[in-house]
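Derivation of every value follows stated rules applied to the coordinates shown; laboratory data play no part. Bear in mind the structure is a predicted one, so any value in this text is a computation, not a measurement. Cβ: placed from backbone, ideal geometry, glycine included. Neighbour counts: every protein chain shown.
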Amino acid sequence: MQARGLYHAVLYVRSLQASLAFYRDLLGFAVIGDAFGGRAAALGGADRRTHHELLLIEVGDAPGPDDGWGGAVAGRRRGLYHLGIKVGDSKDELRAAAAQLAAAGVAVEGSSDHTVTWSLYLRDPDGNEVELYCDNPDVDWRSDPAAVMAPIKPLRL
């Protein structure tokens, strides 16, 4: 497989409103949509090179990377959730990526159909979550931005 680029980051944040004040109001990202009863927001930059470049998910006072938890906090915590790396534009390309991961002995921990993308989730050697995904060519997120926040479904490869 060949990474086409780092296309999005997902952050767990203490306060969605405070984070929106920073990323939207100060840095100029545009809100594309929200989810989880208003506790999450997808944002994109001016060039809209992908369906979302940043997803913010509010977790309140969950522990953060600076809370002395040794970096091995189970479950939700403030900070990086995962990196999204695009590896193609078809399920065939995602199947090939899954086969390469299996051949390399890398476990796929989860998978999802996000309507606009099909995703596999795995861990890097330091335990950081990485999402490898392919865009769904049948969904035009540019003309239907709400599709970015569609309910997550099981992935059928």
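Go through [x] 58; [y] 24; [z] 32 and flag the label whose value is the computed percent of Cα pairs over 25 Å apart for this structure.
[z]
Pick out, in residue order, every one of the GluC sites (Glu not before Pro) in the range 76-146 that is DSSP loop and has at most 11 other C-beta atoms within 10 Å; say none if there are none.
Those that pass, being in a loop and sparsely packed, are Glu109.
Trypsin sites (Lys or Arg not before Pro) within the range 79-157: which are DSSP loop residues with at most 15 other Cβ atoms inside 10 Å?
Filter output for the range 79-157: Arg142, Arg156.
Give me the net charge for the shell around Gly28: Cβ to Cβ below 14 angstrom, other residues only, Lys and Arg +1, Asp and Glu -1.
Net local charge, Gly28 excluded: -1.
Kindly provide the trypsin sites (Lys or Arg not before Pro) of the range 9-50 that DSSP labels as loop, not H, G, I, E or B, and whose Cβ sees at most 16 other Cβ atoms within 10 Å.
Arg14, Arg39, Arg48, Arg49
For Val130 and Leu83 in one chain, what is 0.36 nm times their gap in residues minus the Cα-Cα distance, to one decimal in nm?
16.4 nm
For Ser112 and Asp92, calculate 0.36 nm times their separation in residues minus their Cα-Cα distance, and state this gained length in nm to one decimal.
Gain on stretching Ser112 to Asp92: 5.7 nm.
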